[in-house]
Amino acid sequence: MQRSGRIGEKVHLIAVTKTVEVDRINQALELGLKNIGENRVQELVKKYDIIGNRANYHMIGHLQTNKVRNIIDKVCLIHSLDRLSLAKELNKRAKKQDLIMDVLIQVNVAEEESKYGLKVDEVIPFLEKILKYDNIKVKGLMTIAPFVKDPEEIRWVFRDLRKLSEVISSKGYEGVKMEFLSMGMTNDYEIAIEEGSNMIRIGTGLFGKRN
C-alpha cells in the first residue's frame, strides 16, 4: 500500500478456499480472516453447511444459471456476473427471497479465450441493460489477469479495469457503485493494488499449492 501511495485505504482479502479442508479454513477464521471465496457452488454449499455464518462467502467462479438458487441466500458478493441470463436469474431468485444481491461484473480485459467475462467495450451496454433489475446491485468490477512470470507485463490489465470503473462512476447510474475492484491473485496482487485494486483473491499465498 505504501508503494502504491494509497496509505490508509482498505484492501479486502478474499481467501480462495477451493479444495481447502474445513479444519484449515476454521484455523484461518480464528486468525481473523473474514472472507472466503469459492469457485464451485457445490463446495461453497458444503462448507457453508459446516462453517455457517462465521465467514462471509464470495462466489468467485463461473456461476451456472441453474445453480443460483443454491447460493442466493448464502453469499455476500458474486464476483462473476458475465451475461444477461445470469442477471435475470439472480434478480428473480433474490426477489423471491426478499433480498438484494450484490454483484461485480466480470471483465475479460485481456480477452483470453480460456476465461469468462465481458470484453471492456461490452461492459457499459451490458450494465445499462441490467439497470432495470431492482434486486441486484452492481458494486464494482472483477478481472482475472493472464498468468505470467513477470507481473509487470500485465499491469495494463489492472490499469484498464480501473479506468473502466472511473468511466462508469462518471456516468452516475442510479444504484450502481464502483465500490470494489476485485483484481489481483497470489502471483500479481502487488501490481493490482498499485493499480487500484481494493479486493484481492489469494489462495496459494495463504494455503500453499493445491494438489
Return the residues of segment 158-186 that are farther than 15 Å from residue 105 by Cα and assigned to a helix (DSSP H, G or I); say none if nothing qualifies.
159, 170, 171
Extreme residue, nearest to residue 15 (Cα to Cα), among residues of segment 37-85 that are of a type in the set (A, V, I, L, M) and assigned to a helix (DSSP H, G or I)
44
Surrounded by 15 or more Cβ atoms within 10 Å (Cβ to Cβ), among the aliphatic types (A, V, I, L, M) and not in a loop (DSSP other than H, G, I, E, B): which single residue out of 138, 109 fits that description?
138
Cβ-Cβ distance below 9 Å, separation of 6 or more or different chains: which pairs start in segment 148-173 with a residue that is in contact (Cβ under 8 Å) with a residue 24 or more places away in the chain and more than 20 Å from residue 117 (Cα to Cα) and end on one that is assigned to a helix (DSSP H, G or I) and among the hydrophobic types (A, V, I, L, M, F, W, C)?
151/191; 151/192; 152/191; 171/124; 171/127; 173/127
So residue 10 ticks every box in (1) part of a helix (DSSP H, G or I); (2) farther than 25 Å from residue 211 by Cα but one. Which box is left unticked?
(1)
Can you find, within segment 41-94, the residue that is farthest from residue 109 (Cα to Cα) among those that are surrounded by fewer than 15 Cβ atoms within 10 Å (Cβ to Cβ) and aliphatic (A, V, I, L, M)?
50
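Readers should treat all values here as calculations from the given coordinates under stated rules, not as data from a laboratory. Because the structure is a prediction, the values reported are computed rather than measured. Every residue, glycine among them, receives a Cβ derived from its backbone with ideal geometry; neighbour counts consider all protein chains shown.
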